[in-house]
1. Could you tell me what percent of the accessible area of the stretch 301-373 is made up of carbon and sulfur, with a 1.4 Å probe and every protein chain present?
2. Using a 1.4 Å probe, how large is the accessible area of M191, given in Å² and rounded to the nearest 10?
3. Give me the accessible area of T300, 1.4 Å probe, in Å² rounded to the nearest 10.
4. From the helices alone, meaning DSSP H stretches of at least four residues, give me the mean residue ellipticity at 222 nm for the chain, per-run term -39500 (n - 2.57), in deg cm²/dmol to the nearest 500.
5. Averaged per residue, what accessible area in Å² does the stretch 68-188 show with a 1.4 Å probe, protein chains only?
6. Tell me, what is the FRET efficiency for L26 and L344 to the nearest 0.05, using R0 = 41 angstrom and their Cβ-Cβ distance as r?
7. As a test question: what accessible area, to the nearest 10 Å², does I159 have when a 1.4 Å probe is rolled over all protein chains in place?
8. In whole percent, how big is the carbon plus sulfur part of the accessible area of the stretch 132-263, probe 1.4 Å, protein atoms only?
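The values are calculated or read from the model by the stated rules, or taken from the named source; none is laboratory data. None of the values given here were measured: they were computed from a predicted structure. Neighbour counts are summed over all protein chains in view; Cβ atoms, including those assigned to glycine, are modelled from backbone coordinates with ideal geometry. Quick note on the areas: whole protein, heavy atoms, side chains included, nothing else; ligands and nucleic acids left out. Shrake-Rupley method; radii C 1.70, N 1.55, O 1.52, S 1.80 Å.
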Amino acid sequence: MAGLYLHIPFCQSRCIYCDFFSTTALTQRQPYVDALCRELQQSLQRLPADSTIATIYLGGGTPSTLSPAQLHQLFQAISAHYTVSSEAEITLEANPDDLTPDYIQQLRQLPINRLSIGVQSFRDEQLRFIRRRHTAAQAIAAVRQCQEAGFSNISIDLIFGFPRQTPTQWAADLQQATDLGVQHLSAYSLMYEEGTPLTRMLQQGTISETDEETSLAMYDQLLDHTQTHGYERYEISNFARPGYTSRHNSSYWQSVPYLGIGAGAHAFDGTDRWANPGNLSAYIRGMQAGQDIRIIEHLTPEEQYEDYVMTRLRTSQGVSLPQLSTQFGPERQQQFLHTAHPHLERGHLAYDATRTYIYITRSGLYVSDSVMSDFMLV
Ligand code: SF4
């Protein structure tokens, strides 16, 4: 089994916190879709032989900026070149302002069976602050219309830790999310990435960052609210009702091979990782010329170990000790246990003797960055 990720880098406008590779050059959508179809064709042999695609994820950017005809063209190219499981999870990331009743009906005619909707907040002043194009009412209507149209696997993204956001406001956002009955929730604290307009505002002193204590209290609210409303935390920022974990994202954390198609997309064939440059015109030109523009990344054994431990410690399942030993050798397993020891003593990590896994505990979640950084080798 394998995954397929298609990167759609177009956005109607840019949000002030975003450092993803995306562009507002919407006129390039059709040449880009044509280029994606070419890359889909030339990438088939890069997956292990006889791979069946178990998950497809159209992420961005904003994939819902593509027309239904362009999405149809992509699905035709996928089915022409790949074997897709009849049970495949097929996700489209969408922004609420794109999800008009007509667009939703047209999405229903495509193989998409999961939507990930970029809601971010249910408060208009916060949406305006980060320059989202939709209102809270539009987000609520979009989720409801998708549900009424028959989408039964919907995830929404939320952000917490806005400047001046209160715990009461965050509680209301969480309540609204679960009132909508979505199957999956991804929630992240507002990040101040280098070079973004948001970070410049912080540096100029026009806004102030939410203090760590408030941010941790909001994460605590998130854990409590999701737990009492029947969502399982399966990764630090991801919560799902039973049976609705994101199979695509989970496969990244289990080292399942995946192809990343598109400008800036990453891939992993089970051994090597590679990425396409995050440059729209270079990507389109490269695909038109039939060139291999990939940048191959050869991870050292140490980097592979770090990658393995970091990704798995983020999950509620944790690190399998026998698997760690098989993959990296008994000495590396001993080193892992040595590093884990003080965190086990403090209760930030725990040992599951039945499954022989070490996983991060709830108290460890609040200090997860420092716990995980201890496992870095250099
Ligand atoms: S819509 Fe998404 S990808 Fe586009 S600018 Fe906003 S956060 Fe970034």
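1. Using a 1.4 Å probe with all protein chains present, the stretch 301-373 comes out at 50 percent carbon and sulfur.
2. Its accessible surface works out to 100 Å², give or take rounding.
3. 60
4. -12500 deg cm²/dmol
5. Accessible area per residue: 40 Å².
6. Once rounded, the FRET efficiency stands at 0.20.
7. 10
8. Roughly 47 percent of what the probe reaches on the stretch 132-263 is carbon or sulfur.
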